[in-house]
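These notes are about the structure you will find just below.
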Amino acid sequence: MKELKQRSTCPVSTSLDVLGDKWTLLILRDMVFAGKSTYGQFLQSEEKIATNVLADRLAALELQGILTKAVAEDKKSKFTYRLTKKGAETIPIIVELVLWGTKHLATVASPMLLEEIQANKEAAIEKFQRNARENSQA
């Protein structure tokens, strides 16, 4: 995995250098909303990410300090991935993408998730960030 090559020093551009492809955001979505933490769980997502793309994105996220990788307790040949503090700080971005997508596009989102976010977005974000912190210590 190569070090990140920035196109410019613009904050939007540099953020997109790290988070700007759909697979990266879908991995983060699965970690935040579905509690996924293993390679096999990410492969089960309905978008059907290719194995080589998944491996590349997980390595890139680890390299950028957005997630950590550890040997699973139940099986030494399996790894678990957890959001770091830096990774948990992407949660407000992901929540905004959920809200924007459901407002402007034909989407299907969990009604309970939407209700929770729409009722109190800040509290929902804090809950997801707290869950990420707790999972990172597991």
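The values are calculated or read from the model by the stated rules, or taken from the named source; none is laboratory data. None of the values given here were measured: they were computed from a predicted structure. Please note: Cβ atoms are built from the backbone with ideal geometry, for glycine as well, and neighbour counts cover all protein chains shown.
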The lone exception for Gly65 - which of (1) in contact with a helix residue (DSSP H, G or I) (Cβ under 8 Å, 6 or more places away or on another chain); (2) assigned to a helix (DSSP H, G or I); (3) touching a residue at least 12 places away in the same chain (Cβ under 8 Å) it fails:
(2)
Tell me, yes or no, whether region 84-94 has at least one residue that is without any contact (Cβ under 8 Å) to a residue 60 or more places away in the chain and not in a helix (DSSP H, G or I).
yes
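For every residue, the table says whether it meets (1) of a type outside the set (S, T, N, Q); (2) modelled with pLDDT of 95 or more.
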| site | (1), (2) |
| --- | --- |
| Leu58 | yes, yes |
| Pro111 | yes, no |
| Ile117 | yes, yes |
| Asn120 | no, yes |
| Ala124 | yes, yes |
| Gln129 | no, yes |
Looking only at region 60-76, which residues are surrounded by fewer than 13 Cβ atoms within 10 Å (Cβ to Cβ) and under 25 Å from Ser8 (Cβ atoms)?
Gly65
Name the single residue, out of those in region 19-44 being surrounded by fewer than 16 Cβ atoms within 10 Å (Cβ to Cβ) and in contact (Cβ under 8 Å) with a residue 40 or more places away in the chain, that is nearest to Gly101 (Cα to Cα).
Gly35
Are any of the residues in region 45-58 of a type in the set (Lys, Arg), part of a loop (DSSP other than H, G, I, E, B) and crowded, with 16+ Cβ neighbours inside 10 Å?
no
Do you know which residues across region 43-63 are among the polar types (S, T, N, Q) and within 21 Å of Thr90 (Cα to Cα)?
Ser45
Name every residue in region 68-83 that is part of a strand (DSSP E or B) and basic (Lys, Arg), in order of residue number.
Lys69, Arg82
For Thr51, are the conditions met, namely being of a type in the set (Val, Ile, Thr) and farther than 21 Å from Leu4 by Cβ?
yes
Against the condition assigned to a loop (DSSP other than H, G, I, E, B) and of a type in the set (A, V, I, L, M), how does Leu28 come out, does it pass?
no
